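Engineer: Please see the structure below; I have some questions.
The values are calculated or read from the model by the stated rules, or taken from the named source; none is laboratory data. Quick caveat, the model's predicted, so the values are computed rather than measured. When we count neighbours, we look across all protein chains shown, and the Cβ atoms used for this are built from the backbone with ideal geometry, even at glycine. Heads up: the accessible areas ignore ligands, DNA and RNA and are worked out on the full protein's heavy atoms, side chains in. Shrake-Rupley method; radii C 1.70, N 1.55, O 1.52, S 1.80 Å.
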Amino acid sequence: MSIVIEQPVEARLVAAAPRMPSIPATLHYDRRDPFAVRMTFPAPATLEGVDVCWTFSRELLAAGLKNAEGHGDVRVRPYGYDRTVLEFHAPEGTAVVHVRSSEVRRFLEATSELVPVGLEHLQLDLDHDLAELMRDAC
């Protein structure tokens, strides 16, 4: 069984330059980091011209399908019938993208099949992680 889920999604940039109103993005989930999801944007869609990856909680993504959630760098909220808005706040500015809610739901269902919600802690190897921290501290 795979330990990583990657799902391409179409992200529509709000107030984007005319050359790229929608971009391919990828949602990622790794069982080894069970509380987090990542959303990656390809280099042509970014100001710096390099791939950009945002990491945030799976719980935030799920909650944002129903209500406005988030107070930090990443905020998620429903928009209209089948859109979800993700806002990414950085010192350089804010990127706002719309994604089909059905794509987000499908991704979250796949992550839940891999690691059920509420059982994420069973995927953690705290002894190993502590040993790694101690090794790096010496």
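Quick grid of which residues meet (1) at pLDDT below 85; (2) of a type in the set (Asp, Glu):
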site	(1), (2)
Phe56	no, no
Lys66	no, no
Val74	no, no
Pro78	no, no
Arg83	no, no
Glu120	yes, yes
Ala137	yes, no
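Engineer: With the structure loaded, tell me whether Phe88 is closer than 19 Å to Phe41 by Cα, part of a strand (DSSP E or B) and modelled with pLDDT of 65 or more or whether it fails that test.
Structural biologist: Yes: the conditions hold for Phe88.
Engineer: Okay, next question. Got a sec? Which of Leu13, Leu27 is touching a helix residue (DSSP H, G or I) at 6+ places or on another chain (Cβ under 9 Å) and at pLDDT 90 or above? Please lay out each step first, then the result.
Structural biologist: Numbers: Leu13 fails: at pLDDT 90 or above.
Every option except Leu27 fails the conditions.
Engineer: Separate question: Within the stretch 41-85, can you find the residues that are acidic (Asp, Glu), touching a helix residue (DSSP H, G or I) at 6+ places or on another chain (Cβ under 8 Å) and either part of a helix (DSSP H, G or I) or open to solvent by less than 50 Å² (accessible area, probe 1.4 Å) (or both)?
Structural biologist: Asp82
Engineer: Could I ask something else about it? Kindly establish whether Ala95 is assigned to a strand (DSSP E or B) and at pLDDT below 90.
Structural biologist: Spelling it out, Ala95 is indeed assigned to a strand (DSSP E or B) and at pLDDT below 90.
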